[in-house]
Each structure stands twice: as structure tokens, then as C-alpha cells.
Amino acid sequence: MGRHHIRLCMSISCWIRGANQIKDYMTRHMGVESGETMKDGSFSWEAVPDCLGACEMAPMIQLDKDFHGNLTPDKLGHILTEASKHSPGSKDDETKKHRNAKTN
């Protein structure tokens, strides 16, 4: 598993709203198929058939512990760029969690 792990929801709601387009983008952008890890170990991803419980955000992914939805290839590209700047468990990651806890 990569430093970041992505689960792409492929349930009916996400599929209807474009999950296949997101799946194709991930395969091209990351250079690996579902279930594989990028050579540099930064990301792994999988297309999951089960609903991730956020149909109102379809199509959506779970990136580590966070949900991201209403995805387009451009929006996903931005999310992946931002995630690649931070490793889970790093000081930046802890600062983000603290900042998010304050706003919730």
C-alpha cells in the first residue's frame, strides 16, 4: 500500500455520475491499475464496488481518511497534487488535522 491510499467508489450513484471517467483518469495519471501502487510508493488505489456512504457527493473517493466528492478529472488532479505534498503522519498532516478540528 502506498503512503496515500485512495478508494474510488464504483457504486450505482457514483457510476451514474461519472466514476468511470474518474477511474480512467486515475489509471492514466498514476500509471497503475486499480489495486496497484505507484513505483515511487506515494499512492495506491482501488476501485471498490461497495458504496462508501457518501452518495450525495458522487462521484467520490476516500483519500486516506478524508472523503472528496463531486469529482471531475481537474478537481481530482488538484486533490492528488495537494496530497503528494504531504505524507500521512507528517507535521504538515498534524497541523491540517488541528486546523480542521478548529473549524468543525
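Okay, here's what the table says:
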read-out: Residue list for the range 43-77, restricted to those being basic (Lys, Arg) and part of a helix (DSSP H, G or I); value: Lys75
read-out: Hits in the range 78-90 (condition: surrounded by fewer than 17 Cβ atoms within 10 Å (Cβ to Cβ) and not in a loop (DSSP other than H, G, I, E, B)); value: His78, Ile79, Thr81, Glu82, Ser84
read-out: Contacts under 6 angstrom Cβ, first residue in the range 64-89 being more than 14 Å from Trp45 (Cβ to Cβ), partner acidic (Asp, Glu) and surrounded by 13 or more Cβ atoms within 10 Å (Cβ to Cβ), 6 or more apart; value: His86/Asp93; Pro88/Asp64
read-out: Considering residues of the range 43-75 that are among the hydrophobic types (A, V, I, L, M, F, W, C) and farther than 15 Å from Trp15 by Cβ only, the residue surrounded by the most Cβ atoms within 10 Å (Cβ to Cβ); value: Trp45
read-out: Residue within the range 33-42 that is at pLDDT 95 or above, in a loop (DSSP other than H, G, I, E, B), hydroxyl-bearing (Ser, Thr, Tyr) and loosely packed, with under 14 Cβ neighbours inside 10 Å present; value: no
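The values are calculated or read from the model by the stated rules, or taken from the named source; none is laboratory data. In this text, all values refer to a predicted model and were calculated from it rather than measured experimentally. Cβ atoms come from the backbone with ideal geometry, glycine included; neighbour counts cover every protein chain shown.
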